[in-house]
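> For reference, the structure I am asking about is given below.
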Amino acid sequence: MSTGPGADSAPAPLPDPDKPAIPGATEANQRGGMFSSLKVRNYRLFASGAVVSNTGTWMARITQDWLVLSLTGSSAAVGVTTAMQFLPMLLFGLYGGVIADRFPKRRLLFMTQSAMGIGGLFLAVMTLSGNVEVWHVYLTAFFTGLVTVVDNPTRQSFVSEMVGPDQVRNAVSLNSANFQSARLLGPAVAGVLTAAVGPGWAFLANGLSFLAPLTGLLLMRTAELHHTPRTPRGKGQLREGLQYVSKHPDLIWPIVLVGFVGTFGFNFPIWLSAFANGVYHGGSGMYGMFNTLMAVGSVVGALLAARRATSRLRVLVGAAALFGVLQIAAAFAPSFWLFVLLLVPIGIVGLTTNVTANSSVQMGTDPEMRGRVMSLFMMVFVGGTPLGGPLFGWLTDAYGVRLSFALGGLICALAAVAVGLLLARAANLRLKLDLRRGRQHVQFVPREELATA
């Protein structure tokens with residue numbers, strides 16, 4: 001019998017912001033250190049394979065953009081490649097969640113990771129043979145995007161099957177640290193490999209890197225997995241997932257907030273390249289340094305999130321608001337060094353926003369619905385890229401990067417404030433101000449307590 005937020009037809013009340021957002025897990029049983037989920041053998045295998053394939057993925061991303069630019073001489077063609085990667089998630093993302101809930105997740109991941117490896121090997125063969133054309137890159141990007149539609153929600157929801165409910169937040173945080181660490185290593189390796197022997201070998205390394213996660217999946221002990229009930233084949237499962245989310249404001253508003261942040265706040269390739277070239281006149285080397293600083297901040301943010309025992313909605317709202325404020329401050333930074341220093345905390349709070357939203361939505365969802373809910377989460381977060389990118393690219397060209405960057409931050413901050421107030425209202429809370437010494441000056445309290453005071 002379901003005991004999660006979807007156990008009955010009535011909308012679930014929001015959790016107390018001073019309590020963990022993970023049902024069934026307490027502060028005590030979630031403690032265990034920054035790397036506590038690595039004590040689980042199956043997750044250790046998963047994380048070890050992921051760091052190899054993530055490095056290969058970042059190598060392919062950098063090499064792919066360079067190859068398209070060298071073949072066409074057009075930055076617009078590079079933009080088309082990015083759109084081809086993310087468009088499938090925007091169009092078909094919800095269907096991936098239905099598939100993730102219907103089939104065994106370990107088996108699905110074996111298929112999706114194999115398909116991604118085949119895509120990398122195809123591009124390697126075409127490049128090494130000297131027959132590569134730009135449409136081959138577009139085709140591979142779109143194929144990878146289609147596979148990601150299924151891979152993303154499956155991988156996200158498989159985390160809880162590997163580690164159980166007590167360690168989900170820690171595992172989600174370490175996944176993010178894993179991905180961002182590969183972001184530091186992958187582009188550097190790709191640059192050296194491409195300069196030394198050509199782009200085809202970087203694509204080959206990416207294709208072969210998927211052998212690592214496939215090996216990890218094969219070596220897992222299935223008896224130690226926390227299996228979730230699979231959804232039988234039937235009509236209306238996509239609609240059922242949307243209806244499920246619509247009845248739970250503790251799921252709706254984090255997804256809405258991460259949608260605003262993903263669409264309007266995560267357009268850093270546009271902004272950082274414009275600052276490097278148009279504002280500080282530093283070229284590609286400076287752009288690489290900006291990305292490295294953002295990645296360092298993201299790794300730090302992921303590790304700090306791994307230390308926290310719980311997912312609190314107030315942390316999510318506060319991090320998203322601070323993310324927007326820091327963007328505005330960086331947009332109007334009067335000196336180069338102040339701008340550089342702000343990139344690290346922007347990376348920290350941006351990653352904190354993503355991890356907190358991810359883990360709170362995962363653990364606020366019944367296991368049999370988790371694939372569909374996480375597919376909606378990823379569709380909203382990633383699917384906004386083809387919309388926000390062109391918009392802020394046009395704003396940057398028309399009105400300058402400082403105004404474009406500041407506007408993105410302002411939208412994120414306002415969205416965070418609005419979502420925070422809506423969450424408080426749904427939980428029957430009101431804002432209480434207490435300026436007396438030794439008291440908590442700003443907090444949300446139940447309306448009844450405020451009336452009594």
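> Tabulate in residue order the Karplus-calculated ³J(HN,Hα) for region 133-139, using 6.51 cos²θ - 1.76 cosθ + 1.60 with θ = phi - 60°, rounded to whole Hz; enter x for Gly and Pro.
10, 4, 5, 5, 5, 4, 4
> Can you pull the accessible area of residue 218 for me, 1.4 Å probe, Å² to the nearest 10?
We get 110 Å² for residue 218.
> Through the Karplus equation 6.51 cos²θ - 1.76 cosθ + 1.60, θ set to phi - 60°, convert the phi angles of region 208-224 into ³J(HN,Hα) values in whole Hz; use x for Gly and Pro.
Listing the rounded values in order: 6, 4, 6, 5, 5, x, 5, 5, x, 5, 5, 7, 5, 8, 5, 5, 8 Hz.
> Also, quick follow-up: Run the simple label-point estimate for residue 208 and residue 195 please: 7 Å along Cα→C-beta, distance reported in nm.
Output for this residue pair reads 2.2 nm.
> Quick one: ranking 136, 226 by accessible area, 1.4 Å probe, largest first, what do you get?
Working: 136 15, 226 90 Å².
Final ranking, largest accessible area leading: 226, 136.
> Quick check: with the 1.4 Å probe, what order do 138, 43 take by accessible area, largest first?
Numbers: 138 50, 43 0 Å².
Order by accessible area, largest first: 138, 43.
> Got a sec to turn the phi values of region 330-343 into Karplus ³J(HN,Hα) couplings, 6.51 cos²θ - 1.76 cosθ + 1.60 with θ = phi - 60°, whole Hz, x for Gly and Pro?
5, 4, 10, 4, x, 9, 4, 5, 5, 4, 4, 5, 6, 5
> How much of residue 239 can a 1.4 Å solvent probe reach, expressed as accessible area in Å² and rounded to 10?
My reading of the accessible area for residue 239 is about 150 Å².
> Another question, then. Express in Å², to the nearest 10, the accessible area of residue 133 obtained by rolling a 1.4 Å probe over the protein heavy atoms while all chains stay in place.
Around 100 Å² of this residue is reachable by solvent.
The values are calculated or read from the model by the stated rules, or taken from the named source; none is laboratory data. For clarity, every value in this text was computed on a predicted model and none was experimentally measured. Ideal geometry is used to build each Cβ from the backbone, glycine not excepted, and the neighbour counts take in all protein chains shown. For the accessible areas, the whole protein counts, side chains as well, though only heavy atoms, and no ligand, DNA or RNA atoms are used. Shrake-Rupley method; radii C 1.70, N 1.55, O 1.52, S 1.80 Å.
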